[in-house]
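Laboratory data are not the source of any read-out in this text; all were calculated from the coordinates shown. It should be emphasised that the depicted structure is a prediction, and the values quoted were computed from it without experimental measurement. Cβ placement follows ideal geometry from the backbone for every residue including glycine, while neighbour counts extend to all protein chains displayed.
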Amino acid sequence: MPDEVKAKTSGVRMRRIARTIAAWRLESGQDQVEVAKAVGWSNAKQSRIETAKLPITPADVMTLALHFSRPPDERDALFRDAQTAHSSRWLEQISADAFAADVREYVALESEASEVRIFKIDVVPGLLQTEDYARAISKLGSAPDDEQFEGRVQARIRRQARLQDEAPLGVRCVLTEAVLRIQVGGRETWLGQLRRIAELMELPNVDIRFLKSENGAYRAMGYPFSVLGFDDNEPDIGYIELLYAGVYLEQKAEVQPYVEAFDELWMSAEEPDGSRELLMEIIGAAE
């Protein structure tokens, strides 16, 4: 993964680690110069660690924890956080050319999120796609080489592990009825995708609702978006997907309108029973 992408995608966890390190130092009564001299690195490095501009290594976490005489459980917890932030994520094994940098960034942020709110108007979100559907969607883009194509498909599928891991990603998703009715990849691929959505709706951490076409206009027409939520009071991050790129929204004033738009869409969508009824009606009519 390119350095600039890696730096931002690990940002949520690294900012949390940086705040903890800074709190340890302030509690000790030392300034950055004193700490840097004591542990044997530059003042600039200590400053960059505390501002999350330099991703801290697990070894450096241990060095600082010992210097500040932190309790073993606190030290070990932050050490594990740093290990996770530096671990070789599956995304890094996908060809760097298979995704635009900002799309890779989104997927990596998604891997750290606790919840994602998704609004789509014409395509099933990657988190919910079957492999056949993902292949069909990938073929609609530019013509990548074999490695790039396979990388796109496998990345879409492997993202779904978050739905059923030890700390599953919470998903709230609003889809327009058009998402269900547009046939992608042929009839069998389309039906397989609809059945997959029905299966995912049974998961306790996944809530998928639909906006019926007959209900007319709705908030955010023509503007699909996602909002990623994180634990430990980390701020939400908004994401607007464009054709070949994406836009990130990190300031609260920028993200809040999308949070409010999603809440309004959520209230306008069919309740769980009505959403399942619509989905099964479409499946039944096609079988």
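How many percent of all Cα-Cα pairs in region 167-207 sit more than 14 Å apart? More than 14 Å apart: 54 percent of the Cα pairs in region 167-207. Each residue, Val33 and Met62, gets one label point 7 Å from its Cα in the Cβ direction; the gap between the two is 3.1 nm. Working from Cα pairs under 8 Å separated by at least six residues, relative contact order for the chain is 18 percent.
Taken over the chain, lysine pairs spaced eight or more positions apart, or on distinct chains, with alpha carbons under 17 Å apart number 5.
Descending by average beta-carbon neighbour count within 10 Å, the peptides 265-274, 248-257, 15-24 line up as 15-24, 265-274, 248-257, the highest first.
With bins 5 Å wide starting at 0, give me the P(r) of region 133-218 over every alpha carbon pair, in whole percents. P(r) over region 133-218, rounded to whole percents: 3, 12, 17, 20, 21, 16, 8, 2, 0. Computed across region 3-86, the Kirkwood radius stands at 12.7 Å (inverse of mean 1/r, all Cα pairs).
Here the convex hull built on the C-alpha positions of region 14-54 has a volume of 54 cubic angstrom per residue. What would the Debye equation give as log₁₀ I(q)/I(0) for region 91-286 at q = 0.10, 0.13 Å⁻¹, counting only Cα atoms as equal point scatterers? Summing over Cα pairs of region 91-286 leads to -0.40, -0.70.
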